[in-house]
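The values are calculated or read from the model by the stated rules, or taken from the named source; none is laboratory data. What you are looking at is a predicted structure, and each value in this text was computed from that prediction instead of being measured. Glycine also receives a Cβ, built like all others from the backbone with ideal geometry; neighbour counts cover every protein chain displayed.
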2 protein chains.
Amino acid sequence: MNLCKGRSYMDQVNLKKLAKELNLAVSTVSRALRDSHEISSQTKERVRELALKLGFQPNPHASSLRQNKSKTIAVIIPEIENNFFSQVINGIESITPNKGYHVLIYLSHEDYNKERDILQLLGNGRVDGVMISFSNSTTNYEHVEAWQKAGIPLVFFDRTCDELDVPNVMTNDAEMAFKATEHLLKRGCKNIAFLGMAGSLSITNRRKVGYLQALEKFKVTNPPQIVELTSKDYSNREILRQLFEGPSRPDGIFAAIEKFAVNTYEVCKEMDLHIPQDVKVISFSNLQAAALFDPPLSTIIQPAYDIGREAASILFKLIEKKMLLPYEKKMILPSQLIERNSTAITG
Amino acid sequence: MNLCKGRSYMDQVNLKKLAKELNLAVSTVSRALRDSHEISSQTKERVRELALKLGFQPNPHASSLRQNKSKTIAVIIPEIENNFFSQVINGIESITPNKGYHVLIYLSHEDYNKERDILQLLGNGRVDGVMISFSNSTTNYEHVEAWQKAGIPLVFFDRTCDELDVPNVMTNDAEMAFKATEHLLKRGCKNIAFLGMAGSLSITNRRKVGYLQALEKFKVTNPPQIVELTSKDYSNREILRQLFEGPSRPDGIFAAIEKFAVNTYEVCKEMDLHIPQDVKVISFSNLQAAALFDPPLSTIIQPAYDIGREAASILFKLIEKKMLLPYEKKMILPSQLIERNSTAITG
DNA sequence: CTGTTAGCGCGTTCAA
DNA sequence: TTGAACGCGCTAACAG
C-alpha cells in the first residue's frame with residue numbers, strides 16, 4: 001500500500017524546473033504561461049508544450065501568497081443533513097468551477113460559538129469571500145462585525161441579518177407564511193400552531209410575521225400558538241406530544257422547517273391522530289419525497305438552488321469589485337406552495 | 001454598503017508587525033507563538049498577549065508554502081442532494097476541526113471528465129489528502145493512477161475501486177443485498193427486479209451479487225431482472241413504467257439507490273399499483289422520512305456518518321504517516337435492515 | 001534564549 | 001522580447 005511519503009522534491013514540477021529545461025528565465029516562463037503580451041508566440045508555444053507534457057500546475061499557495069488571492073470561498077451553514085442546504089450548495093457549485101474557485105464547507109451545528117470560531121479561522125486570507133446562513137443560537141452579530149473589518153466580501157443567505165449592511169439572498173418568507181396560514185384557514189382550521197426554530201432566526205421571525213398577519217386578517221379568535229422547536233428530534237417530539245395532549249389541541253400545523261413536519265407526522269402516527277381529518281399540516285420543505293408521505297404533505301418549496309447560485313454570483317461581484325445593482329443588495333426569490341392531501345378538506 | 005476594498009496593507013497583522021512592536025526578531029515571535037521550548041516563558045507571554053490583542057492570525061498561504069502542508073482535505077462526491085453523502089460529510093466534519101483541517105467539497109455530477117478535472121486541479125499541494133466516491137460514469141481509474149504518483153494520501157469510500165491499492169471504507173453491500181432479496185422472497189415475491197445505477201459502480205456490482213446469490217440460493221425459477229437507472233428522475237420513471245407494463249411485471253422491487261425507490265413509488269402511484277399488495281419494495285436508503293411514506297418503506301440504512309468519520313480518520317493516519325492496521329485497509333461497516341409495510345405480507 | 005539569514009514558488013518591477 | 005532581482009509571510013538552519 002502506498003504509504004504516501006509526500007511528493008518528493010524531485011517530482012515537483014515548478015517554474016524553475018521548466019525554466020532550466022527550456023534554457024529560459026523563471027520570469028519568462030511565468031509570463032508565457034499567463035499569456036503575457038510581452039512574450040513571443042514561439043516561446044509561449046515551447047513553454048506551454050513542456051508545461052503540458054510535465055503536467056505543470058502552479059503552486060496555489062505561492063500564487064495566493066504573492067497575489068493575495070486564495071481563489072477559494074467559504075460556505076458556513078448550520079447543518080448539512082437538510083435538503084435545503086444541500087441544494088444551496090449545488091447552486092453555489094454551479095458557479096464556482098467556471099470562476100476557477102474552490103469551495104470550503106463549514107458547519108456551525110447551530111452553535112454560535114462554533115460560528116464565531118469558524119469566522120475567526122477565516123480571517124487571514126484563507127478565503128476571498130464568505131457566504132453564511134446563521135445558526136439559530138446566533139443572537140448578536142459582533143463576530144461578523146469584528147470580522148467584516150478585514151474587508152472580506154460577505155453575503156448572507158436564507159437565515160440573514162438586517163442589522164448589518166451586507167447583501168442578502170432569501171425567499172419571500174412572510175408572504176409564503178401568510179399564504180400557508182391562509183391556506184389552512186380556508187380549509188377550515190380554527191386553531192393553527194406555528195412551529196418555529198427556537199432562537200431569533202430571521203426566517204422564523206419573517207415566517208411568524210406572515211402567520212400572525214394571516215390570523216389577524218381573517219379575524220381568528222383563537223390566540224396564536226407559537227411553538228419553539230430545535231434541531232433535536234427527540235425533544236421536538238416530546239414538545240409536540242404535549243401540544244396535542246394539551247387543552248387547546250391545534251387543528252392545523254404550519255411548520256416553518258421541514259424537519260418539524262416530519263416530527264409532526266411521527267407524533268401523529270404515534271398518537272393515532274389522523275392527517276388531515278384531525279389536524280392539517282403544511283410545511284416549508286424541499287423534500288422531493290413529500291409527495292409520497294401518508295398523506296402527501298403540502299409544502300412551500302424554496303428556490304434553494306437559485307438562492308445558492310444568486311448568492312454566489314453576488315459574492316463574485318463583490319470579489320471582482322463590481323458594483324451591485326440595487327436589487328442585488330436584498331434579493332428575494334419566490335417560493336411555491338404545493339397543495340397536497342395533508343391539507344385536504346375533510347368530512 | 002461595504003464594497004470590500006480588501007484588507008489594506010496597514011490593517012494586515014503579521015509577524016513583522018508584532019516583532020517591531022515588541023522589539024523582537026520575527027523568528028522569535030514565530031517560535032513564541034508555536035510554543036517552542038527555546039523561548040522564555042515571559043517572552044511567550046508578551047508575544048501572546050499582543051497577538052491576541054491585535055487578533056493576529058498567521059497567513060495560511062505563507063505557512064502552507066513554507067511547510068508544504070495545506071491543512072486542507074478534499075472530498076469528491078458524485079452529488080450532494082442525497083442524504084447518504086450529506087451524512088458522510090457530517091461524519092468527516094466531526095473530525096476535521098479538531099485536527100485543524102479544512103474541507104473542500106467537489107461535485108463530479110456523475111461525470112468522469114469532471115472527476116478527472118477535479119483531481120487534476122488538486123495536483124499541486126492544494127490539499128494534503130483526498131477522499132473520493134466515484135461517479136457512475138467512471139469505468140477506468142487512469143485519472144487516479146496518474147494522480148496517485150504525486151503521493152498524496154487517498155481514501156475511497158462507498159463507491160470504491162478494488163483495482164487500486166488504496167484504503168476503502170464501505171458497507172456490507174453484498175450481504176445486505178442478499179438479506180433484502182431474501183426478505184422479499186420470504187414474503188412471497190417470485191419475480192424480483194433489481195434497480196441499479198447504470199455504469200460500473202462498485203456498489204451496484206456488489207449489491208447485484210447479493211441479489212443474484214439470494215435468487216440462486218432460494219432456487220427462484222424466474223430469471224433475474226436487472227434494471228439500469230440513472231440520476232435523471234424523468235427517464236427513470238419512463239423505464240419503470242415500461243417495466244411494470246411489460247410481460248414479466250415484477251412483484252418485488254429491490255432498489256439499490258434511495259432515489260430509485262422514490263421513483264418506484266411515484267410510478268406505482270401514477271399507475272395505481274398498490275404497495276405491498278401488487279408489488280413489494282425495499283431500498284437502500286438513509287431517509288429519516290422513509291417511515292412516513294405511504295406505505296412506510298422498508299430500508300437498508302447505511303452507517304453513512306460512520307463511513308465518513310472512519311474514512312477521514314484513515315486519511316489522517318495516512319497524512320500523519322502512521323501505519324494502518326490491517327482492517328483499516330478495507331473497512332466494512334454494517335448496514336441495518338428496517339422492515340416496514342412496503343414489504344408486508346398481504347392477503 | 002534570541003537574532004540573522006535563507007528560501008518555499010510565484011509574479012512583478014526594473015534593467016537590458 | 002527576455003533576464004535578474006525582489007518580496008509576499010512564514011519557518012528552519014545556523015550563529016551567537
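Couple of notes before you dig in:
- Count - residues of region B:240-274 that are farther than 19 Å from A:ALA289 by Cβ and either assigned by TED's automatic domain parsing to the domain that holds B:PHE85 or of a type in the set (A, V, I, L, M) (or both): 1
- Of all residues in region A:107-129 being free of Cβ contacts under 8 Å to residues at least 60 places away in the same chain and within 15 Å of A:SER70 (Cβ to Cβ), the one that is surrounded by the fewest Cβ atoms within 10 Å (Cβ to Cβ): A:LEU121
- Residue list for region B:32-43, restricted to those being buried (at least 16 other Cβ atoms within 10 Å of the Cβ), more than 14 Å from chain A (Cβ to nearest Cβ) and not in a loop (DSSP other than H, G, I, E, B): B:ALA32
- Apart from one condition, A:ASN124 fits all of (1) closer than 23 Å to B:GLY91 by Cα; (2) within 8 Å of another protein chain (Cβ to nearest Cβ); the exception is (1).
- Enumeration of residues in region A:36-56 that are free of Cβ contacts under 8 Å to residues at least 12 places away in the same chain and either more than 10 Å from DNA strand C (Cβ to nearest atom) or touching a Phe, Trp or Tyr at 6+ places or on another chain (Cβ under 8 Å) (or both): A:HIS37, A:ILE39, A:SER40, A:SER41, A:GLN42, A:GLU45, A:GLU49, A:LEU52, A:LYS53
- Set side by side, the residues B:SER137, B:SER94 differ, and just one is touching a Gly at 6+ places or on another chain (Cβ under 7 Å) and polar (S, T, N, Q), which is B:SER137.
- Test set (1) more than 8 Å from chain A (Cβ to nearest Cβ); (2) in contact with a Lys or Arg (Cβ under 7 Å, 6 or more places away or on another chain); (3) at pLDDT below 95; (4) not in a helix (DSSP H, G or I) - B:PHE134 fails condition number: (3)
- There is at least one residue in region A:3-10 that is in contact with a strand residue (DSSP E or B) (Cβ under 8 Å, 6 or more places away or on another chain) and at pLDDT below 90.
- Region A:140-160, residues that are closer than 20 Å to A:SER313 by Cβ, more than 9 Å from chain B (Cβ to nearest Cβ) and not polar (S, T, N, Q): A:VAL155, A:PHE156, A:PHE157, A:ASP158, A:ARG159
- Residue check, A:LEU122 within 16 Å of DNA strand D (Cβ to nearest atom) and closer than 27 Å to A:TYR305 by Cα: yes
- Region B:79-109, residues that are under 20 Å from B:ALA146 (Cα atoms) and part of a loop (DSSP other than H, G, I, E, B): B:SER108
- Residue check: A:GLU93 meets all listed conditions (1) touching a strand residue (DSSP E or B) at 6+ places or on another chain (Cβ under 6 Å); (2) buried (at least 23 other Cβ atoms within 10 Å of the Cβ) but one, namely (2).
- Residue within region B:106-122 that is in contact with an Asp or Glu (Cβ under 6 Å, 6 or more places away or on another chain) and hydrophobic (A, V, I, L, M, F, W, C) present: yes
- Residue under evaluation B:LEU24, criteria (1) away from every other protein chain (no Cβ under 14 Å); (2) surrounded by 15 or more Cβ atoms within 10 Å (Cβ to Cβ); (3) in a helix (DSSP H, G or I), criterion not met: (3)
- Qualifying residue in region B:79-89 (condition: under 27 Å from B:ILE319 (Cβ atoms), near DNA strand D (Cβ under 10 Å from one of its atoms) and modelled with pLDDT of 90 or more): no
- Elements of the type strands (runs of 3 or more DSSP E) sitting completely within region B:232-347 and holding at least 2 residues that are in contact with a helix residue (DSSP H, G or I) (Cβ under 7 Å, 6 or more places away or on another chain) and crowded, with 20+ Cβ neighbours inside 10 Å: these cover B:252-255, B:280-284, B:298-301.
- Considered as a group, the residues in region B:15-35 that are within 8 Å of DNA strand D (Cβ to nearest atom) and free of Cβ contacts under 8 Å to residues at least 12 places away in the same chain include one that is nearest to the chain's Cα centre (by Cα), and that residue is B:ARG34.
- Boolean, B:LEU184 is touching a Gly at 6+ places or on another chain (Cβ under 7 Å), farther than 24 Å from B:ASP306 by Cβ and not acidic (Asp, Glu): yes
- Matching residues in region B:57-81 - criterion: being touching a residue at least 40 places away in the same chain (Cβ under 8 Å) and either farther than 15 Å from A:ARG126 by Cβ or more than 8 Å from chain A (Cβ to nearest Cβ) (or both): B:ASN68, B:LYS69, B:LYS71, B:ILE73, B:ALA74, B:VAL75, B:ILE76, B:ILE77, B:PRO78, B:GLU79
- A:TYR106 at pLDDT 95 or above and assigned by TED's automatic domain parsing to the domain that holds A:LYS322: yes
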